[in-house]
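Let me begin by handing over the structure; questions about it come next.
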Amino acid sequence: MTDAKKTTHFGFQTVDEDRKAGMVHGVFTNVASKYDVMNDAMSLGIHRVWKDAMMDWLVPRSGQRLLDVAGGTGDIAFRFLKRAPGAHASVLDMTESMLVEGRKRAEAGQMAGSLDWVVGDAMALPFPDNAFDAYTISFGIRNVTRIEDALSEAFRVLRPGGRIMVLEFSQIPNDLMQKVYDLYSFNIIPRMGKMIANDAESYQYLVESIRNFPDQERFAGMIRAAGFENVKYRNLTMGVAALHSGWKL
C-alpha cells in the first residue's frame with residue numbers, strides 16, 4: 001500500500017503537487033522577457049499604482065532589510081530602496097530568467113550595493129530565522145504549491161516586530177462587476193499574451209490561477225493561522241487586487 005499523491009491546482013487543472021513548481025517555472029520562463037510589458041498592458045498600468053499603495057502602507061525605513069519573494073524583475077525592491085536609501089533588499093524568485101531580466105533594468109545597476117538576487121523556493125527559504133524586517137510578495141503567492149508553507153516560512157525569517165505584506169489579485173465583492181471582470185480576464189488577457197508575448201497558454205493559466213485564489217477574508221485567516229497578528233487588508237480597484245498586512249509580534 002502506498003499513500004496517494006497529493007494534488008493541487010494549476011489553473012483549472014488538478015495536478016500532482018510535485019509537478020506544480022516545475023509547471024509554474026515553465027510559465028514564468030516563457031514570459032520573462034515580456035513580463036513587465038504585459039503587466040502594463042493587462043492592468044492599463046494600474047499595477048504601478050497598486051505597488052505604490054503597498055509602499056505607502058509599508059512605509060520603508062533606512063536600515064531595514066526587505067525580503068521580496070517571487071520578486072521577479074525587481075519592481076517592489078526598487079520601490080522600497082527608493083523610499084529608504086539606507087535599506088537593503090533581497091529579491092528571491094524560483095525562476096532565474098525573471099531575475100536575469102530584473103538585473104538588466106537601470107535601477108539594478110544604480111542600487112547594486114543594496115540588492116541581492118537569489119534563486120529560491122518560497123516554501124523553503126534559504127535564510128536564517130529572524131533575518132528580515134519586512135517580507136513582501138506581489139502577484140506570486142497564488143502560484144505557490146502550498147501557500148500555508150510559504151506563510152510559515154515568512155513568519156520564520158521575519159524578526160519579532162517584522163511585517164508581512166501581500167499584494168495579490170482578489171475577488172470583487174460585487175457579483176455583476178466580478179462577471180464583467182471575468183469576461184475581460186478570460187477573453188482579452190490570453191489574446192494579449194499571444195500578441196505581446198507569443199504565449200496565450202501561460203496567460204490563460206495566470207487568469208485561472210486568480211479564480212482559484214482564496215478571497216480576502218479566507219486569505220486573511222490563513223495569514224493569522226501562520227502566526228501573524230493585527231492582520232488587515234485593503235481592497236484596491238474595487239477588489240480586483242487586495243493588500244494584506246500582518247505583524248510578527
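Where Lys and Arg each count +1 and Asp and Glu each count -1, what net charge lies around PHE127 among other residues with Cβ under 12 Å from its Cβ? Numbers along the way, then the final one.
On the way: positive: ARG65, ARG156, ARG159; negative: ASP116, ASP121, ASP129, GLU153.
With Lys, Arg at +1 and Asp, Glu at -1, the neighbours total -1.
Considering only the other residues whose Cβ falls under 14 Å of the Cβ of LYS51, what net charge follows from Lys and Arg at +1 and Asp and Glu at -1? Walk me through the numbers on the way to the answer.
Values: positive: ARG48, ARG79, LYS82, ARG83, ARG234; negative: ASP36, ASP40, ASP52, ASP56, ASP68, ASP75, GLU107, GLU168.
Net local charge, LYS51 excluded: -3.
Arranged from highest to lowest average of other beta-carbon atoms within 10 Å per residue, in what order do the peptides 5-13, 203-211 appear?
Answer by packing, highest mean first, reads 203-211, 5-13.
Over the Cα atoms, compute the radius of gyration (one decimal) and Dmax (the largest Cα-Cα distance, rounded to a whole number) for region 129-173, in Å.
Rg, Dmax (Cα atoms, Å): 11.5, 37.
In terms of the Cα gyration tensor, with a ≥ b ≥ c the square roots of its eigenvalues, is the chain rounded because a/c is under 1.5, prolate because a/b exceeds b/c, or oblate?
It is rounded, given that a/c, with a ≥ b ≥ c, falls under 1.5.
Calculate the dipole size of region 1-122 relative to its Cα centre from +1 charges on Lys and Arg beta carbons and -1 charges on Asp and Glu beta carbons; express the result in debye to the nearest 20. Write out the running numbers ahead of the final one.
Numbers: 15 positive and 16 negative charges, 66 e Å.
That gives a dipole near 320 debye.
Rounded, prolate or oblate: which one fits region 38-174, using the alpha carbon gyration tensor with axes a ≥ b ≥ c (rounded when a/c is under 1.5, else prolate when a/b beats b/c, else oblate)?
It comes out rounded by the Cα gyration axes.
No lab work stands behind these numbers, since they all come straight from the coordinates. The structure displayed is predicted, hence computed values, not measured ones. Note: ideal-geometry Cβ built from the backbone for every residue, glycine included; neighbour counts use all protein chains shown.
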